[in-house]
Amino acid sequence: MPNNLPFMPNQGSTLAPHVDELYLFLVAVCAFMTVAISGVVVFLALKYKRGPGNEVPQEYKPSNALEIVWIVIPFAAFMAFFVWGAIVFFNARRMPDNAMDVWATGRQWMWKFQHPTGQTEINTLHVPVGRPVRLIMTSEDVIHDFFVPDFRVHTDVLPSRYTYNWFEATKVGRYHIFCSEYCGTEHSKMIGTVVVMEPEDYQLWLSGGATEGSPAAEGKKLFESLACVTCHQAGSGARGPNLEGVFGTTVKLTNGQVVTIDENYVRESILNPQAKIVSGFDPIMPTFQGQLNEAQLMQLVSYIKSMKAPEPARPAAAPAPAVNTAVTK
Ligand code: CUA
């Protein structure tokens, strides 16, 4: 696959070559069909043009074999588009398990990013090369759209819910971010840059930024100051579900429905607690609509995500591998 074709954006992510191959295949098939059909039209127009002894067209009945051929071949071609497209789509939508979570908030007219370690930045996103980055995105006002052409990453960013996308940058460099949903007078200025760095440089950058505490740590403070903890605690008498270790699991609701506890479920349960009540509990939780801004919601969700179930006592458990965050260069 030729990289850096003059009419294509750079290929800056693991997804980009797969999107481009499919795109070029579609273009090649369309170009072939355009040339072939136009050629046949011109050829037949000349061959059967009106002339002496040929004033009235004769009826021609194509053979069944010919009918079958021009049904089967286009069908196979369209199925190839579909299957190939579905494979690329599923790979693009499946979030890698080892992805680093970055929160992104769009607002008229800027992008705000927060790293798992707490650093925030405006209109610039620093990421390490070769590491999947999962974006959890929301908007504080209208619909925006996070678009990095070089990564082939393109997702609407909506108010009042989270949408996701991910990318793994393959080359160190700077890449344009665009908003690609018309969002007001300065839509065209709602741009930014993804700065892809070597992992060591990224660690260095992280250690240089002033941090206001990780989102999860800030969320823990909120969880306590909003008194969530008085109901959401372990024990049989608790008035609300215990939240330790529940993130990512499924839960049964009072109406019998089973839902996965993800960012959007936690968000809805904070802002609209009556919407999906966990089976066995009463609808007594007050709403926090209007009391929390997007940043605080994000912190609470991060904290609930970070709450681990208490370790069951295990004999001779291997010690956890030490996490080395020190700069190695
Ligand atoms: Cu935000 Cu266009």
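The values are calculated or read from the model by the stated rules, or taken from the named source; none is laboratory data. Just so you know, these numbers come straight off a predicted model, no measurement behind them. Quick reminder, even Gly has a Cβ in these numbers, built from the backbone with ideal geometry, and neighbours come from all protein chains shown.
Annotations for the structure displayed:
- Selection within region 133-192 - closer than 20 Å to S13 by Cβ and of a type in the set (S, T, Y): T155, T163, Y164, T170, Y175, S180
- The numbered conditions (1) modelled with pLDDT of 90 or more; (2) away from the ligand (no atom under 16 Å from the Cβ); (3) more than 30 Å from A31 (Cα to Cα) are all true for F90 except (3).
- Looking at region 151-198, the strands (runs of 3 or more DSSP E) lying wholly inside it that each contain 2 or more residues that are more than 10 Å from the ligand (Cβ to nearest atom) and closer than 12 Å to A104 by Cβ sit at 153-157, 163-168, 191-197.
- Qualifying residue in region 17-37 (condition: surrounded by 14 or more Cβ atoms within 10 Å (Cβ to Cβ), modelled with pLDDT of 90 or more and over 30 Å from W70 (Cα atoms)): yes
- One residue from V278, V251, V259 being modelled with pLDDT of 85 or more, touching a Pro at 6+ places or on another chain (Cβ under 7 Å) and not assigned by TED's automatic domain parsing to the domain that holds S139: V278
- Residue match in region 115-138 (condition: within 14 Å of the ligand (Cβ to nearest atom), under 23 Å from M95 (Cα atoms) and modelled with pLDDT under 95): yes
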